[in-house]
Amino acid sequence: MSPIISPSELKNTEDTNLIILDARVGKDVYQTYLDRHIKGARFIDLDKDLAEIGEDAAFGGRHPLPAIDQFAETLARLGISEASHIVIYDDKNGANAGARAWWMLKSFGLQNVQVLDGGIQSAEKAGLEFSSGEEIIEKAHLMDNAQWLLPVKYLECVENELVSHLSTVVDVRDAYRYKGESEPIDLVAGHIPGAINIPFSENLDENGNFLKPEVLKEKYTALLKDKPQHLIIHCGSGVTACHTILALDYAGFPIPDLYVGSWSEWSRREGKEIVKDI
């Protein structure tokens with residue numbers, strides 16, 4: 001199953017196991033969901049469902065992964081089972097929390113998971129039906145999984161692999177944040193020494209849709225030429241990094257490692273080198 005689904009494909013699906021997840025983020029986002037969402041969509045919260053936020057971002061970053069048994073309870077509450085066909089959308093074509101939800105669902109072991117190309121805006125243009133208020137959800141049985149199945153890396157491992165030149169670390173934040181010109185979210189601007197910058201926004205075309213798989217394949221093959229093939233992807237807090245992981249999977253590359261703590265952890269950890277290109 002392709003990790004990306006078009007609005008027309010979603011509109012025409014007759015899959016009885018379909019579950020749509022609304023992964024938008026922002027101020028009063030749950031009220032925004034209640035006001036209007038794709039019909040049948042169930043709300044999944046970045047801060048509460050897709051992360052377990054700790055007291056100190058220097059250890060785990062701003063959006064650490066929740067315990068896997070906690071995530072299993074979230075899936076059961078949302079009515080998700082092994083048979084579910086899950087389609088996720090947000091309002092930034094996966095860059096808010098849509099791709100993070102995709103990564104976590106795949107890492108939990110679920111197979112039929114897709115992100116809606118173009119997000120909620122494309123759904124509106126395609127004429128999908130919308131509704132408001134709460135959706136009736138039948139709770140699913142609790143699935144059991146002992147560990148995340150997709151590869152993750154932690155700060156010390158990222159540092160060691162950079163020093164040993166074993167991996168290519170890709171920072172997907174906007175170039176101005178990577179260069180250290182300014183930092184709108186975290187405490188310090190700059191980047192991890194040795195990391196290269198490929199902004200996640202470059203996965204999209206001028207209309208905000210994902211580039212075609214063959215275009216993404218050619219693009220990343222050229223950008224990563226002569227670099228270690230093993231990839232570690234990071235962003236600010238391990239959320240938009242999943243957008244690039246999704247794009248790489250869509251293009252047919254092996255799913256790379258995710259550095260969950262990302263810049264929000266590295267930049268806060270005492271003694272870690274910070275590079276600025278200004």
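The values are calculated or read from the model by the stated rules, or taken from the named source; none is laboratory data. Predicted model only: the values in this text are computed from it and were never measured. Every residue, glycine as well, gets a Cβ built from its backbone with ideal geometry; the counts of neighbours run over all protein chains shown.
Numbers at a glance
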{"read-out": "Residues within the stretch 39-76 that are loosely packed, with under 15 Cβ neighbours inside 10 Å and among the basic types (Lys, Arg), tallied", "value": "2"}
{"read-out": "Cross-chain or 6+ apart pairs with Cβ under 8 Å, the stretch 195-207 first and closer than 18 Å to ASP277 by Cβ, then of a type in the set (Gly, Ala, Ser) and surrounded by fewer than 16 Cβ atoms within 10 Å (Cβ to Cβ)", "value": "ASN197/ALA175; PRO199/ALA175"}
{"read-out": "Which listed residue, of GLU206, GLU135, GLU202, GLU124, is assigned to a helix (DSSP H, G or I), more than 22 Å from SER237 (Cα to Cα) and either modelled with pLDDT of 95 or more or out of contact with any strand residue (DSSP E or B) (no Cβ under 8 Å at 6 or more places or on another chain) (or both)", "value": "GLU124"}
{"read-out": "Count of the stretch 18-69 residues which are of a type in the set (S, T, N, Q) and either part of a strand (DSSP E or B) or at pLDDT below 95 (or both)", "value": "0"}
{"read-out": "Positions within the stretch 157-181 being in a loop (DSSP other than H, G, I, E, B), touching a residue at least 60 places away in the same chain (Cβ under 8 Å) and within 19 Å of the chain's Cα centre (by Cα), in sequence order", "value": "VAL172, ARG173"}
{"read-out": "Among (1) within 25 Å of VAL260 (Cα to Cα); (2) surrounded by 15 or more Cβ atoms within 10 Å (Cβ to Cβ), the one test that LYS27 misses", "value": "(2)"}
{"read-out": "Test: residue in the stretch 139-156 that is assigned to a loop (DSSP other than H, G, I, E, B), over 17 Å from TRP263 (Cβ atoms) and without any contact (Cβ under 8 Å) to a residue 12 or more places away in the chain", "value": "no"}
{"read-out": "Among the candidates ALA99, ALA72, ALA83, ALA95, residue that is among the hydrophobic types (A, V, I, L, M, F, W, C), touching a residue at least 60 places away in the same chain (Cβ under 8 Å), in a loop (DSSP other than H, G, I, E, B) and touching a Phe, Trp or Tyr at 6+ places or on another chain (Cβ under 9 Å)", "value": "ALA95"}
{"read-out": "Flag for VAL239 being in a strand (DSSP E or B) and at pLDDT 95 or above", "value": "no"}
{"read-out": "So SER182, is it outside the structural domain of LEU34 (by TED's automatic domain parsing) and either loosely packed, with under 12 Cβ neighbours inside 10 Å or touching a Leu at 6+ places or on another chain (Cβ under 6 Å) (or both)", "value": "yes"}
